[in-house]
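Novice: One structure, as structure tokens, below. Some questions next.
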Amino acid sequence: MIVSDREKKMKEGNVTTASTGWAESEFGIVDFGDKRLSKGLLKIADSFANSPECSINQACEDWHQSKAAYSFFQNESICERRILESHFTKTVERAQGYPTILAIQDTSYISYKNHKKTQGLGVIAARTRAKTKNFQTHGRIMHTTFAVTTEGLPIGLLEQKISSRPILDEELKELKQRSHNIALPIEEKESIRWIESLEKTNHYPELEKNKVVTVCDREADIYDLFEVASTHSFPFVVRARQDRTVNKKSQYFKKSGEKLLALMSRSPCQGEIKINFPARNNKAKRTAILEVRFNHFTMNPPRNNVKHKTRKLPDLKLHAVSVIEKSTLLGEEPMNWMLLTNIDINNFEEAIEKIQWYCLRWRIEIFHKILKSGLKVEECRLGSAERLIRYLTIMSVIAWRIFFYYINRENKSNPSLYFLTG
Ligand SMILES: [Mn+2]
């Protein structure tokens, strides 16, 4: 699996596009209750899509148009959810005819670090340094569900939430404790975003005939997420972050069970796959031979999950796929992945399929790259967080469109082109 030249180009942010009336078809159904506003949206979307790397002033044809764009972003009656919902409807339409759709979730931190004048931004990162106490990076947290076909064609967003962390010091302190405090219910933790998105993307009535597989990186290795998914039969593939004790007879039997890694390493190797890693981070490109193992196991609820107090948490029947690099050159970190899924895996082919789906998770990283390096959304100065959210919403759809346009035009959606990454 290798990265295509086109993806390389896109990763470098070298993107252009041509558009004729695409905004009409993507946003034509948006109703703000005022025709002028709906027209304004189409104009903005077309201008930005035509000049993806430009600032608002550069993208607009003239002063009048720039002024119209600014007043659009400032207009408090414009709800970004309407814009999104119009796009979601289109994504769902594009999904028709594909039996399996990957709903890839990921979080991106949009930093407005040096924008001193922007009002209402939350905190996306905080550290306590020796000299500057309570160092904070301001910005927005963008959690997106990006829909991709199993051939790798990005068909649009299925969900997006742009939020921020509380800004008060006490709140920050509390938050810091929370994220490590497993005694709090999941709803009170920030990780609830993974579960909310899972539920939303599985509730499109138009996608009833499609298999919508949620794909996430290690951040989403959360029992509560797996529990919701398993209860409602929402399929998922998530990379494991931790080595759990599994197959316990009961949560009260401390000594029963075994570690998942140990279980997998005594499972027979079912076959090998070859992956070409592209050159990156000053490392030369290389080919890795990986051993593939799979097995099923029982995930027991964590003993300290607060929900035990109110109800009996179920044991979950899950499957794991392990991919381990056989030998590496000196200094190379051997690749070692464990994927968790609630989809049955009975043979090597079914295991490989899950690995390929996980490889396609990289698509959302490219989407984030287009937003940041291509469209330079972090350079936008709009003066307030609300305006930025409207702007980021529209730019997200444009970023998707640029990506779709490239892949679709060259008709190169072949999963063998994608490389693996953690
Ligand atoms: Mn992530």
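Novice: In the list 289, 324, 343, which residue meets the criterion of being more than 27 Å from the chain's Cα centre (by Cα) and within 26 Å of residue 215 (Cβ to Cβ)?
Specialist: Checking each option against the conditions leaves just 289.
Novice: Something else: Does residue 201 meet the test of being at pLDDT 95 or above and surrounded by 19 or more Cβ atoms within 10 Å (Cβ to Cβ)?
Specialist: yes
Novice: A follow-up question, please. Which residues, taken from region 219-245, are of a type in the set (S, T, N, Q), at pLDDT 95 or above and on the phi < 0 side of the Ramachandran plot?
Specialist: Within region 219-245, 230, 231 qualify.
Novice: Next question. Restricting to region 217-241, what's the tally of residues that are more than 16 Å from the ligand (Cβ to nearest atom) and part of a loop (DSSP other than H, G, I, E, B)?
Specialist: 4
Novice: While we're on this one: How many of the residues making up region 190-216 are of a type in the set (Lys, Arg) and within 15 Å of the ligand (Cβ to nearest atom)?
Specialist: Summing the residues that are of a type in the set (Lys, Arg) and within 15 Å of the ligand (Cβ to nearest atom) in region 190-216 gives 1.
Novice: Name the residue that is most open to solvent (accessible area, probe 1.4 Å), counting only residues in region 316-333 that are free of Cβ contacts under 8 Å to residues at least 40 places away in the same chain and not β-branched (Val, Ile, Thr).
Specialist: Applying the filter and picking the extreme gives 330.
Novice: A further question on this structure: Name the residue that is surrounded by the fewest Cβ atoms within 10 Å (Cβ to Cβ), counting only residues in region 44-69 that are in contact (Cβ under 8 Å) with a residue 24 or more places away in the chain and over 16 Å from residue 21 (Cα atoms).
Specialist: Checked region 44-69; the qualifying residue surrounded by the fewest Cβ atoms within 10 Å (Cβ to Cβ) is 55.
Novice: Could you check, for region 97-115, whether at least one of its residues is open to solvent by 30 Å² or more (accessible area, probe 1.4 Å), touching a residue at least 12 places away in the same chain (Cβ under 8 Å) and of a type in the set (Asp, Glu)?
Specialist: Checked region 97-115: no residue is open to solvent by 30 Å² or more (accessible area, probe 1.4 Å), touching a residue at least 12 places away in the same chain (Cβ under 8 Å) and of a type in the set (Asp, Glu).
Novice: When you look at residue 301, is it in a loop (DSSP other than H, G, I, E, B), surrounded by 13 or more Cβ atoms within 10 Å (Cβ to Cβ) and modelled with pLDDT of 90 or more, yes or no?
Specialist: yes
Novice: While we're on this one: For region 117-131, indicate whether the set of residues that are within 30 Å of residue 221 (Cβ to Cβ), among the β-branched types (Val, Ile, Thr) and at pLDDT 95 or above is non-empty.
Specialist: no
Novice: Is it true that residue 206 is surrounded by fewer than 19 Cβ atoms within 10 Å (Cβ to Cβ) and modelled with pLDDT under 95?
Specialist: The answer is no for residue 206.
Novice: Test residue 174 against the stated conditions and say whether it is open to solvent by 20 Å² or more (accessible area, probe 1.4 Å) and at pLDDT 70 or above.
Specialist: Here the answer is no, as residue 174 does not meet what is asked.
The values are calculated or read from the model by the stated rules, or taken from the named source; none is laboratory data. The structure displayed is predicted, hence computed values, not measured ones. Here Cβ is always computed from backbone atoms with ideal geometry, including for glycine, and neighbour counts include all displayed protein chains. Calculation scope for accessible area: heavy atoms of the full protein, side chains included, ligands and nucleic acids excluded. Shrake-Rupley method; radii C 1.70, N 1.55, O 1.52, S 1.80 Å.
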